[in-house]
1. Sorting Thr27, Thr13 by accessible area (1.4 Å probe), largest first, what list results?
2. Give the accessible area for His4 in Å² (nearest 10); use a 1.4 Å probe, count only protein heavy atoms, and leave out ligands, DNA and RNA.
3. Out of all DSSP beta bridges with both ends in the chain, state the antiparallel percent to the nearest 5.
4. Heavy-atom accessible area of Phe8 with all protein chains present, probe 1.4 Å, nearest 10 Å²?
5. If you take the C-alpha gyration tensor of the range 90-139, multiply each eigenvalue by 5 and take the square root, what semi-axes do you get, largest first, in whole Å?
6. Taking H placed 1.01 Å from N in the peptide plane, check which residues at least 5 places from Ser117 or on another chain put their amide H under 5 Å from its amide H.
7. Could you report the accessible area of Arg126 in Å², rounded to 10, computed with a 1.4 Å probe on the protein chains as they sit in the structure?
8. Could you work out how far helix 91-102 tilts from the main Cα principal axis of the chain, as a 0 to 90 degree angle to the nearest 10?
Amino acid sequence: MSLHPYLFFTNTTREAMTRYQEILGGTLDIMGLADMPSGEAEEMSFEAPDGMVVHAALAFGDGDLLLASDDPTGDGQGVKGVAINITLDDQDEARRIFDALAVGGEVQMPLGETFWSPLFGACVDRFGVSWMVNVDGEAA
């Protein structure tokens, strides 16, 4: 079994996923409305905005995936009730990732030592996605 988070954005998927690739690396594939097979887009039950992303996948060498698409019925208020957790072995890399994700967003818990980790922090990025950056206590 594998589990992969699938995020829904309101017309910001391309920008968000491109930013996540800049920060995290990986290989990004984006399928826009224009890339769908002939006739499929006409079958949608809603008015699709120009440039709509129907599927995006950010793949990492270890098999992890971050998936997303635009939700034209969304309210643009961000993702609620879930956080993406990144666990790293390297504190400097954790700081770099956390700082990059926090740009234009809101830090909920600054990076610092906790009882479970030598370095942990939480933020909501400018796209409304909650992130937890965690350094593995075993690796520290």
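1. Working: Thr27 85, Thr13 0 Å².
So the residues, ranked largest to smallest area, are Thr27, Thr13.
2. Here the residue's solvent-accessible area equals roughly 60 Å².
3. Working: 19 of 29 bridges.
Bridges in the chain that DSSP calls antiparallel: roughly 65 percent.
4. 120 Å²
5. Details: eigenvalues 76, 22, 11 Å².
Semi-axis lengths for the range 90-139 are 19, 10, 7 Å.
6. Excluding prolines and chain starts, which carry no amide H, there are no hits.
7. 110 Å²
8. 40 degrees
The values are calculated or read from the model by the stated rules, or taken from the named source; none is laboratory data. Given the structure is predicted, the values throughout are model-derived calculations rather than measurements. We work out accessible area using only protein heavy atoms, side chains counted, and drop any ligands, DNA or RNA first. Shrake-Rupley method; radii C 1.70, N 1.55, O 1.52, S 1.80 Å.
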